[in-house]
Structure formats: C-alpha cells, structure tokens
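Okay, structure first, notes after.
The values are calculated or read from the model by the stated rules, or taken from the named source; none is laboratory data. This one's a predicted model, so the numbers in the text were calculated from it and none came from an experiment. Glycine also receives a Cβ, built like all others from the backbone with ideal geometry; neighbour counts cover every protein chain displayed.
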Amino acid sequence: MRRTFLVLSGIFLLAACGHAIPTASPVPAIASSPPLTPPDAVSELSAYAFPSLVDPAARYLFYLHGRIVEEQGIHAVSPDFGEYQYVAILERLAGYGFTVISEQRPKNADTTESAERVVGQVKALLEAGVPAANISIIGASKGAAIAIETSYLLGNKEVNFVILSICHPDTVAEFKRNGISLYGNVLSIYDFADTEFAGSCRDLFEFSEDRGLARYDEIVLQVGSGHGILYRPLDEWIIPAVEWAQGK
C-alpha cells in the first residue's frame, strides 16, 4: 500500500527457563537496502545500523529522530532548545539492553517512504523469528509522524510504539481525514508546555479503537520545556518509553 499525504507532510515539517536459545538468522534482502545515513555520520551511528544477523531472542528498538536532524545532521542545534543529543539518546536506550536501530534520514524525507522503510525492516525481524512483542518503535516529532504511519501500514497488533510530541489537533484531524489509524500498543508522551506542535492523542486513540489498536496510554509531562523534551535523554520520557517497550 503506497500513499503520500502531502498535507500531512507540510504539517510535520513545521514541527520541529529451559528453552533453547534460537540462533541468529540471516536478514531478508529488504533489510539490506542501502542505508539512508549520510557518509559523514556513518561512524557515529554504525553501532545502530540494521543488523546483518538477527537474534530472535533479542529485543529490538527503532528510534526515529526529529526533523532538525534531517536539516542539520546528527549534531543539530536549535536556537530554542539547544543541542539535539541524538547519539546520547541512542546510548541511553541501548543501555537498557535493547538492540537499538536508528539512521539519519535525508533532508525533507517523505514521511510515507520513511514509514515504508521501517515497515520493511520490522517485517524482516518478524520473518527472522523475532516476536512482535519484542519490537518497539519510538518516534520524536516528525519521527513520531513516521511511527504513526508505520503502525498503520504494518497493521500488527503486538508491536509497541511510543509517539513523542506529535498530536497537535490539526495533525490528528489530518490523520483522521486520511483514514490513518493506530495499530499495536501505543504510548503517547508530550510536555504540557508544547502547545505549538503537540497535544493529546486522545482523539486519534478513539478513532483507532475497534480497528487495530490494542493497549494504549498517554503521559503529559510537567517538565515545562515544551518540544525541548525531545532534545535530550530525559528520565521523564526515557523511563516510561523503555517500560512500555518492555511490556510493563
């Protein structure tokens, strides 16, 4: 299924135990497609590339960064929120025992094409024997928009999603107009002060009920930095995101 939602893209670009252990499995061809990460960022992100061998017993976590990393690279700096601590976020998530997968998207990356790429990678993990419950996708801002489309296109009720700072009322209305609903286990997190780009995902949750949405919840943080919560690995969002990915 291929759709490109032009109006949505415009909105997003504004946002800133005694079982045998299975052996690693080769990855299907779709996962070995050329990486998106630019050459100058490869060395710092090499540890987070899609694995050439898949361990069916591992937990996998995709991290989809915000738009500013597309614009400026992996050391992006916002005049409002400071440095986007991309690598530090990945390191923090990996510290909980996940195999973290993340790549820098090219500038002005299409949300649907990006989602289709993630869908292909998730399907490769599933085909290699990874249980859907052991696969999680965390998306921040534009990355959360991609995570929502991934959820819809994948249509799997057991994969876990954490969507950070995305559900501005206009954005949610556009999702609904285009018939995009959520599948799987979905946690929304946003800061109460993020009124320009984010908001409650309640309406999208209600729209997705009886379609493919399983477990869902929402956390409103009281940090006060608005969209800036995405820029660093704060306990306030990292810990609940990790617990959600662990099925807690």
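Here are the numbers for this structure:
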{"read-out": "First in the range 205-225 and under 9 Å from TYR183 (Cα atoms) and modelled with pLDDT of 95 or more, second anywhere and among the hydrophobic types (A, V, I, L, M, F, W, C) and part of a loop (DSSP other than H, G, I, E, B), Cβ under 7 Å, 6 or more apart", "value": "SER208/LEU182; LEU213/LEU182"}
{"read-out": "Pairs with Cβ under 6 Å, 6+ apart, first in the range 82-106 and more than 18 Å from TRP237 (Cα to Cα) and among the hydroxyl-bearing types (Ser, Thr, Tyr), second assigned to a loop (DSSP other than H, G, I, E, B) and modelled with pLDDT of 95 or more", "value": "THR99/ALA58"}
{"read-out": "Residue in the range 157-179 that is of a type outside the set (Lys, Arg), over 26 Å from ILE239 (Cβ atoms) and touching a Ser or Thr at 6+ places or on another chain (Cβ under 6 Å) present", "value": "no"}
{"read-out": "Filter result (among the basic types (Lys, Arg) and farther than 19 Å from ALA115 by Cβ) within the range 57-101", "value": "ARG59, ARG92"}
{"read-out": "Every pair of residues 6+ apart whose Cβ atoms lie under 7 Å, when the first sits in the range 146-160 and is within 11 Å of LEU213 (Cα to Cα) and modelled with pLDDT of 95 or more while the second is among the aromatic types (Phe, Trp, Tyr) and crowded, with 24+ Cβ neighbours inside 10 Å", "value": "SER151/PHE161"}
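Matching residues to (1) surrounded by fewer than 18 Cβ atoms within 10 Å (Cβ to Cβ); (2) under 13 Å from the mean Cα position of the chain (by Cα); (3) not in a loop (DSSP other than H, G, I, E, B):
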position: HIS75; (1), (2), (3): yes, no, no
position: VAL87; (1), (2), (3): yes, no, yes
position: GLN104; (1), (2), (3): no, yes, no
position: SER114; (1), (2), (3): no, yes, yes
position: VAL119; (1), (2), (3): no, yes, yes
